[in-house]
1. Need the failing condition index for residue 103 against (1) of a type outside the set (S, T, N, Q); (2) within 19 Å of residue 41 (Cβ to Cβ); (3) open to solvent by 30 Å² or more (accessible area, probe 1.4 Å); (4) part of a strand (DSSP E or B), just the number.
2. Is there a residue being open to solvent by 40 Å² or more (accessible area, probe 1.4 Å), under 16 Å from residue 2 (Cα atoms) and either in contact (Cβ under 8 Å) with a residue 12 or more places away in the chain or over 11 Å from the mean Cα position of the chain (by Cα) (or both) anywhere in the stretch 33-54?
3. Could you tell me which residue of the stretch 89-98 is nearest to the chain's Cα centre (by Cα), considering only residues that are open to solvent by 10 Å² or more (accessible area, probe 1.4 Å) and either of a type in the set (Asp, Glu) or over 16 Å from residue 42 (Cβ atoms) (or both)?
4. Take the stretch 33-62 and flag every residue that is more than 18 Å from residue 109 (Cβ to Cβ) and of a type in the set (S, T, N, Q).
5. So which residues in the stretch 59-88 are in a strand (DSSP E or B) and open to solvent by less than 70 Å² (accessible area, probe 1.4 Å), if there are any at all?
6. For the stretch 1-11, which residues satisfy the criterion of being in a strand (DSSP E or B) and surrounded by 15 or more Cβ atoms within 10 Å (Cβ to Cβ)?
7. Please determine, by comparing only the residues of the stretch 12-32 that are β-branched (Val, Ile, Thr) and modelled with pLDDT under 95, which one is surrounded by the most Cβ atoms within 10 Å (Cβ to Cβ).
Amino acid sequence: QVQLVESGGGLVQPGGSLRLSCAASGSIFSINAMGWYRQAPGKQRELVADIGSGGTTNYADSVKGRFTISRDNAKNTVYLQMNSLKPEDTAVYYCTAVVVLRRYWGQGTQVTVSS
(Lines give C-alpha, C1' and ligand atoms only; values in the text may rest on other atoms or scores of the structure.)
Protein backbone atom coordinates (compact mmCIF):
# COMPACT_ATOMS: atom_id res chain seq x y z
CA GLN A 1 0.00 0.00 0.00
CA VAL A 2 0.97 3.60 -0.66
CA GLN A 3 -0.15 6.53 1.44
CA LEU A 4 -0.25 10.12 0.18
CA VAL A 5 -0.49 12.98 2.67
CA GLU A 6 -1.23 16.47 1.40
CA SER A 7 -0.65 19.77 3.16
CA GLY A 8 -0.71 23.47 2.39
CA GLY A 9 -4.31 24.22 1.52
CA GLY A 10 -6.27 27.10 2.98
CA LEU A 11 -7.99 30.39 2.36
CA VAL A 12 -6.31 33.02 0.21
CA GLN A 13 -7.39 36.25 -1.44
CA PRO A 14 -7.55 36.56 -5.23
CA GLY A 15 -4.09 37.19 -6.63
CA GLY A 16 -2.45 35.40 -3.72
CA SER A 17 -0.28 32.31 -3.60
CA LEU A 18 -0.29 28.91 -1.94
CA ARG A 19 2.06 25.95 -2.03
CA LEU A 20 0.72 22.43 -1.76
CA SER A 21 2.89 19.49 -0.74
CA CYS A 22 2.26 15.77 -0.94
CA ALA A 23 4.48 13.12 0.60
CA ALA A 24 4.24 9.48 -0.41
CA SER A 25 5.08 6.64 1.96
CA GLY A 26 4.54 2.91 2.26
CA SER A 27 5.38 0.11 -0.14
CA ILE A 28 7.14 2.23 -2.70
CA PHE A 29 9.50 0.61 -5.15
CA SER A 30 9.42 3.38 -7.68
CA ILE A 31 6.95 6.13 -8.35
CA ASN A 32 6.14 6.92 -11.94
CA ALA A 33 3.98 9.98 -12.42
CA MET A 34 2.85 12.22 -9.58
CA GLY A 35 0.38 15.02 -9.86
CA TRP A 36 -2.56 17.05 -8.70
CA TYR A 37 -6.24 16.94 -9.57
CA ARG A 38 -8.98 19.17 -8.27
CA GLN A 39 -12.73 18.96 -7.83
CA ALA A 40 -14.99 21.95 -7.37
CA PRO A 41 -18.54 21.61 -6.03
CA GLY A 42 -20.85 20.19 -8.68
CA LYS A 43 -18.01 19.56 -11.11
CA GLN A 44 -15.99 16.55 -12.18
CA ARG A 45 -12.49 15.96 -10.92
CA GLU A 46 -9.98 17.41 -13.36
CA LEU A 47 -6.26 17.25 -13.91
CA VAL A 48 -4.34 20.31 -12.73
CA ALA A 49 -0.77 19.20 -13.41
CA ASP A 50 1.39 16.12 -13.40
CA ILE A 51 5.08 15.32 -13.55
CA GLY A 52 6.88 12.20 -14.68
CA SER A 53 9.77 10.52 -12.92
CA GLY A 54 12.16 12.25 -15.30
CA GLY A 55 10.63 15.67 -14.72
CA THR A 56 8.38 16.02 -17.75
CA THR A 57 5.43 18.23 -16.81
CA ASN A 58 1.89 18.64 -18.08
CA TYR A 59 -0.57 21.40 -17.12
CA ALA A 60 -4.22 22.15 -17.62
CA ASP A 61 -4.67 25.17 -19.88
CA SER A 62 -6.46 27.02 -17.10
CA VAL A 63 -3.38 27.03 -14.84
CA LYS A 64 -0.53 27.39 -17.34
CA GLY A 65 1.73 30.29 -16.42
CA ARG A 66 0.33 30.48 -12.89
CA PHE A 67 0.99 27.05 -11.34
CA THR A 68 4.27 25.14 -11.17
CA ILE A 69 4.59 21.47 -10.32
CA SER A 70 7.84 19.98 -9.05
CA ARG A 71 8.99 16.86 -7.27
CA ASP A 72 11.77 15.67 -4.99
CA ASN A 73 12.37 12.03 -5.84
CA ALA A 74 14.61 11.49 -2.82
CA LYS A 75 11.75 12.51 -0.55
CA ASN A 76 8.95 10.99 -2.67
CA THR A 77 7.28 14.39 -2.51
CA VAL A 78 5.47 16.47 -5.09
CA TYR A 79 4.74 20.19 -4.82
CA LEU A 80 2.32 22.57 -6.48
CA GLN A 81 3.17 26.25 -6.36
CA MET A 82 0.04 28.25 -7.13
CA ASN A 83 0.37 31.93 -7.95
CA SER A 84 -2.12 34.55 -9.13
CA LEU A 85 -4.95 32.52 -7.68
CA LYS A 86 -8.48 33.15 -8.92
CA PRO A 87 -11.85 32.40 -7.32
CA GLU A 88 -12.38 29.69 -9.95
CA ASP A 89 -9.37 27.84 -8.54
CA THR A 90 -11.44 27.09 -5.44
CA ALA A 91 -11.69 23.31 -5.09
CA VAL A 92 -10.51 20.29 -3.17
CA TYR A 93 -7.06 19.43 -4.49
CA TYR A 94 -6.05 15.78 -4.59
CA CYS A 95 -2.54 14.43 -4.85
CA THR A 96 -2.06 11.35 -6.99
CA ALA A 97 0.80 8.95 -7.67
CA VAL A 98 1.24 6.02 -10.02
CA VAL A 99 3.21 3.14 -8.51
CA VAL A 100 3.67 -0.04 -10.53
CA LEU A 101 0.78 0.91 -12.85
CA ARG A 102 -1.63 1.53 -9.96
CA ARG A 103 -2.94 5.01 -9.16
CA TYR A 104 -3.19 6.14 -5.57
CA TRP A 105 -4.99 9.21 -4.17
CA GLY A 106 -4.55 11.45 -1.18
CA GLN A 107 -7.41 12.52 1.04
CA GLY A 108 -7.61 16.00 -0.50
CA THR A 109 -6.93 19.49 0.77
CA GLN A 110 -9.29 22.45 0.44
CA VAL A 111 -8.17 25.56 -1.42
CA THR A 112 -10.51 28.53 -1.21
CA VAL A 113 -9.84 31.74 -3.11
CA SER A 114 -12.07 34.52 -1.85
CA SER A 115 -11.96 38.10 -0.70
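The values are calculated or read from the model by the stated rules, or taken from the named source; none is laboratory data. What you see is a predicted model; the values in this text were computed from it and never measured. Counting neighbours? That spans all protein chains shown, and the Cβs are built from the backbone with ideal geometry, glycine included. Please note that ligands, DNA and RNA were not included when accessible areas were found on the heavy atoms of the full protein model with its side chains. Shrake-Rupley method; radii C 1.70, N 1.55, O 1.52, S 1.80 Å.
1. (2)
2. Just the residues of the stretch 33-54 that are open to solvent by 40 Å² or more (accessible area, probe 1.4 Å), to begin with: 37, 39, 41-47, 50, 53-54.
From what's left, under 16 Å from residue 2 (Cα atoms): none.
No, the stretch 33-54 contains no residue that is open to solvent by 40 Å² or more (accessible area, probe 1.4 Å), under 16 Å from residue 2 (Cα atoms) and either in contact (Cβ under 8 Å) with a residue 12 or more places away in the chain or over 11 Å from the mean Cα position of the chain (by Cα) (or both).
3. This residue is 94.
4. Residues satisfying the conditions are 44, 53, 56, 57, 58, 62.
5. 59, 67, 69, 70, 71, 72, 77, 78, 79, 80, 81, 82
6. 2, 4, 6
7. Going through the stretch 12-32, the residues β-branched (Val, Ile, Thr) turn out to be 12, 28, 31.
Keeping just the survivors that are modelled with pLDDT under 95 gives 28, 31.
Working: 28: 15, 31: 19.
Per the criteria, the residue is 31.
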